[in-house]
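Trainee: Below is the structure I would like to discuss, written out as structure tokens.
The values are calculated or read from the model by the stated rules, or taken from the named source; none is laboratory data. Since we're looking at a predicted model, the values are computed, not measured. Ideal geometry is used to build each Cβ from the backbone, glycine not excepted, and the neighbour counts take in all protein chains shown.
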Amino acid sequence: MTGRHDVQGASETMHDNVEAATAVSGWTPIAEEAERATRMLHPKHDLPKPPQRRVLTVANQKGGVGKTTSAVNLAAALAMHGLKVLVIDLDPQGNASTALGVDHRSGVPSIYEVLLGEVSLSDAAAVSDQSPNLYCVPATIDLAGAEIELVGMEARESRLKAALPTGAFDELNPDYVFIDCPPSLGLLTVNAMVAAEEVLIPIQCEYYALEGLSQLLRNIELVQNHLNPNLLVSTILLTMYDGRTKLADQVTAEVRKHFGDTVLRTVIPRSVKVSEAPGFGQTVLAYDPGSRGSMSYLDAAREMAERGFGGE
Ligand code: ATP
Ligand code: MG
């Protein structure tokens, strides 16, 4: 009886609040939806262009934490705001290529041929059908052998960097480059860390989230000490947040306590739309532009762009 009363009470309070807000500001849930849709249909080109190209490696050796989802959706969000973005798919699974609708069947020019020095970056890059500003260098299954082939190569940790000399980006001239890593700390991930200046670590808001993170940070430190002194963990993004669980809040608080301002304020919610999108060869921004997942990636991209990097 009390429970029922409480629910009814809560619902009345909510109704009153909505009415009050509507009376004061003209706000309604429908108005909010409409405002969102308008924003998506007519995005303002109001995100700052970085003074220098930003190259970010999206890494976490833990599988399924949202590396690919974050790489492609942040890329799509920045591209929607008029910035030029390149996603380098460095995972033989080819998930980033799939989400960007880019052909990655064996035989198409891919990051594998770029790593071997057989094809230039711009020749391997394909434009995504989702935005003329969004490019992807796909990964084919051929990349699966690269981890082993690289072992015997000279300067095996710096092959990607060597394949991207100054000028390699000139033709495409992207403002942002995201390198999507596989779920391991093997040579492909190390190559990505040597070729980038920033590391973006997606952390899933769940129980084992922090497990393995110290190992990731130790590896980043090794790369900093021996291979790429310019590398910095610039961004941590909390993903798959489920507001119904206390655990998600505990993980969020813990991560913020440890990493402070490196953690974006925007948190990506767990959302069915986000998980459905790749099945249609799309980012969530293309699949359901007005969805919560889409809006949160737009917010995260805005935060990244506005806070800049290094001495900007
Ligand atoms: P891997 O380590 O295999 O490369 P990953 O770290 O790249 O994985 P994703 O592929 O981005 O992780 O995500 C793992 C799964 O979770 C995918 O099926 C994806 O669609 C789903 N997913 C990612 N983010 C969300 C979200 N915010 N809400 C719901 N599902 C999500
Ligand atoms: Mg992935």
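Trainee: Quick one: in the stretch 130-187, which of the residues that are away from ligand 1 (no atom under 16 Å from the Cβ) and part of a strand (DSSP E or B) is surrounded by the fewest Cβ atoms within 10 Å (Cβ to Cβ)?
Mentor: Tyr176
Trainee: Here are the criteria: (1) in a loop (DSSP other than H, G, I, E, B); (2) out of contact with any helix residue (DSSP H, G or I) (no Cβ under 8 Å at 6 or more places or on another chain); (3) surrounded by 15 or more Cβ atoms within 10 Å (Cβ to Cβ). Tell me which single one Glu211 does not satisfy.
Mentor: (3)
Trainee: Return the pairs, sorted by first residue and then second, in which the second residue is in a helix (DSSP H, G or I) and of a type in the set (Asp, Glu), the first residue lies in the stretch 264-290 and is without any contact (Cβ under 8 Å) to a residue 12 or more places away in the chain, the beta carbons are less than 7 Å apart, and the residues are 6+ apart or on different chains.
Mentor: none
Trainee: For a quick check of your reading: which helices (runs of 4 or more DSSP H) sit entirely within the stretch 218-312 and have at least 3 residues that are under 24 Å from Leu83 (Cα atoms) and out of contact with any His (no Cβ under 9 Å at 6 or more places or on another chain)?
Mentor: Ranges flagged: 284-287, 292-307.
Trainee: A further question follows. With more than 10 Å from ligand 1 (Cβ to nearest atom), touching a residue at least 24 places away in the same chain (Cβ under 8 Å), buried (at least 24 other Cβ atoms within 10 Å of the Cβ) and of a type in the set (S, T, N, Q) as the only criterion, which of Ser97, Ser106 stands out?
Mentor: Exactly one of Ser97, Ser106 is more than 10 Å from ligand 1 (Cβ to nearest atom), touching a residue at least 24 places away in the same chain (Cβ under 8 Å), buried (at least 24 other Cβ atoms within 10 Å of the Cβ) and of a type in the set (S, T, N, Q), namely Ser97.
Trainee: Something else about it: Go through the residues of the stretch 111-127 one by one and say whether even a single one is touching a strand residue (DSSP E or B) at 6+ places or on another chain (Cβ under 9 Å) and either within 16 Å of ligand 2 (Cβ to nearest atom) or touching a residue at least 60 places away in the same chain (Cβ under 8 Å) (or both).
Mentor: Yes, some residue in the stretch 111-127 is touching a strand residue (DSSP E or B) at 6+ places or on another chain (Cβ under 9 Å) and either within 16 Å of ligand 2 (Cβ to nearest atom) or touching a residue at least 60 places away in the same chain (Cβ under 8 Å) (or both).
Trainee: Checking Ala75 against (1) within 15 Å of ligand 1 (Cβ to nearest atom); (2) touching a helix residue (DSSP H, G or I) at 6+ places or on another chain (Cβ under 6 Å); (3) within 24 Å of Arg302 (Cβ to Cβ): exactly one of these is not met. Which one?
Mentor: (2)
The rows are residues; the columns are (1) among the acidic types (Asp, Glu); (2) closer than 17 Å to Gln61 by Cβ.
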site	(1), (2)
Ile201	no, yes
Glu211	yes, yes
Leu227	no, no
Thr239	no, yes
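Trainee: Among the residues in the stretch 71-80, are any away from ligand 2 (no atom under 15 Å from the Cβ), of a type outside the set (Lys, Arg) and farther than 20 Å from Ala286 by Cα?
Mentor: Within the stretch 71-80, not a single residue is away from ligand 2 (no atom under 15 Å from the Cβ), of a type outside the set (Lys, Arg) and farther than 20 Å from Ala286 by Cα.
Trainee: Among the residues of the stretch 141-153, is there at least one that is out of contact with any Cys (no Cβ under 6 Å at 6 or more places or on another chain) and closer than 30 Å to His81 by Cα?
Mentor: No, there is no match, as no residue in the stretch 141-153 is out of contact with any Cys (no Cβ under 6 Å at 6 or more places or on another chain) and closer than 30 Å to His81 by Cα.
Trainee: What is the one condition in (1) under 26 Å from Tyr207 (Cα atoms); (2) of a type outside the set (Lys, Arg); (3) modelled with pLDDT of 95 or more that Ala253 does not satisfy?
Mentor: Single failed check for Ala253: (3).
Trainee: Report the residue count in the stretch 291-307 for those that are free of Cβ contacts under 8 Å to residues at least 24 places away in the same chain, within 16 Å of ligand 1 (Cβ to nearest atom) and out of contact with any strand residue (DSSP E or B) (no Cβ under 8 Å at 6 or more places or on another chain).
Mentor: Selection size over the stretch 291-307: 1.
Trainee: Further question on the same structure: Looking only at the stretch 50-66, filter to residues that are more than 9 Å from ligand 2 (Cβ to nearest atom) and either under 14 Å from Ala96 (Cα atoms) or of a type in the set (Gly, Ala, Ser) (or both); which one of those is surrounded by the fewest Cβ atoms within 10 Å (Cβ to Cβ)?
Mentor: The residue in question is Ala59.
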